[in-house]
């Protein structure tokens with residue numbers, strides 16, 4: 001059984017490898033060289049994880065080839081590293097490019113890509129008894145609701161349900177940008193527009209305001225893509241094949257506008273290649289936003305109530321009755337401290353809390369209020 005810490009580093013190795021694949025796909029003049037550096041780095045991380053897992057004694061500044069020998073020295077039969085000749089070629093190509101500026105040929109880099117995928121598959125099974133496909137980058141994402149939809153997408157992909165994979169990926173992408181703490185270019189005008197349009201009786205005028213609301217959402221998403229440095233060409237491809245996801249002001253999914261064909265063609269967009277692309281694109285986007293976002297607090301946190309969880313309970317999106325009734329985010333454990341939201345958001349049975357930068361809800365009977373003097377009182 002691999003430890004959680006080593007599993008996390010396997011995820012890093014896979015992420016670096018996939019970034020190398022993306023560099024290679026860009027087909028720029030130095031793409032083959034930069035991809036080769038990524039491939040070598042991901043391989044080295046994997047070998048070090050293997051060494052720690054089998055308790056090999058690694059000295060400081062151990063070379064790439066010595067690392068392999070050290071692993072095999074623990075148990076020659078059990079720890080025999082596969083594809084040794086490939087590793088030697090990869091290491092030589094990396095040295096030639098990094099130290100001597102000798103750019104590898106594109107065909108060589110493509111071979112490294114294919115061989116490294118085989119190497120990851122074989123070593124993952126041999127040393128950790130796990131499937132390479134099960135090494136997921138989703139756990140690197142902090143927002144639990146985004147994680148949940150991406151895990152659904154990942155599960156649907158394994159079952160070859162490509163439409164549901166792309167649909168769940170699209171929902172996750174919309175949720176990446178939802179936050180009570182992130183500055184919106186529209187300030188409070190967009191929520192106010194939503195409040196007013198609900199009161200409009202004339203159907204034509206309501207449709208007009210609905211179209212404005214949707215346009216504002218599209219423009220805000222495009223601004224976020226540019227603001228956080230998400231790959232624009234990948235975003236355009238993603239929008240071409242993914243459905244439109246509509247959220248209300250509580251960030252509930254209220255509608256999904258499906259399209260099954262490329263515009264103006266009879267070609268089905270729901271296939272394995274597009275599903276893998278959408279899943280990878282959303283994971284990359286979530287990590288990119290996570291790394292680059294600067295939070296701007298819209299109120300003073302110290303004025304908000306604090307709650308202590310007195311029994312294990314679920315955090316849910318909303319207690320309202322609809323088709324997404326009581327969508328669960330995650331479970332919080334007894335003893336955890338949560339920050340509440342404004343009391344006007346509370347209901348008879350639920351308390352509003354700030355969780356993953358959004359307002360969600362927990363059952364009222366599962367928490368106690370922490371008073372300013374540190375004492376407890378049931379809400």
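The values are calculated or read from the model by the stated rules, or taken from the named source; none is laboratory data. These numbers come from a predicted model, not from an experiment. Every residue, glycine among them, receives a Cβ derived from its backbone with ideal geometry; neighbour counts consider all protein chains shown.
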Within region 80-93, does at least one residue satisfy the condition of being assigned by TED's automatic domain parsing to the domain that holds residue 30, over 17 Å from residue 44 (Cβ atoms) and in contact (Cβ under 8 Å) with a residue 60 or more places away in the chain? no
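Listed here are the residues, each with its yes/no results for (1) exposed (fewer than 14 other Cβ atoms within 10 Å of the Cβ); (2) in contact with a helix residue (DSSP H, G or I) (Cβ under 7 Å, 6 or more places away or on another chain); (3) outside the structural domain of residue 354 (by TED's automatic domain parsing).
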{"site": "219", "(1), (2), (3)": "yes, no, yes"}
{"site": "225", "(1), (2), (3)": "no, yes, yes"}
{"site": "229", "(1), (2), (3)": "yes, yes, yes"}
{"site": "236", "(1), (2), (3)": "yes, no, yes"}
{"site": "244", "(1), (2), (3)": "no, no, yes"}
{"site": "255", "(1), (2), (3)": "yes, no, yes"}
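Let's see how each residue does on (1) at pLDDT below 90; (2) crowded, with 17+ Cβ neighbours inside 10 Å; (3) not in a helix (DSSP H, G or I):
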| residue | (1), (2), (3) |
| --- | --- |
| 5 | no, no, no |
| 13 | no, yes, no |
| 27 | yes, no, yes |
| 45 | no, yes, no |
| 52 | no, no, no |
| 55 | no, no, yes |
| 59 | yes, no, yes |
| 87 | no, yes, no |
In region 228-256, what residues are part of a helix (DSSP H, G or I) and without any contact (Cβ under 8 Å) to a residue 60 or more places away in the chain? 232, 233, 234, 235, 236, 237, 239, 240
Report yes if residue 298 is modelled with pLDDT of 90 or more and over 14 Å from the mean Cα position of the chain (by Cα), otherwise no. no
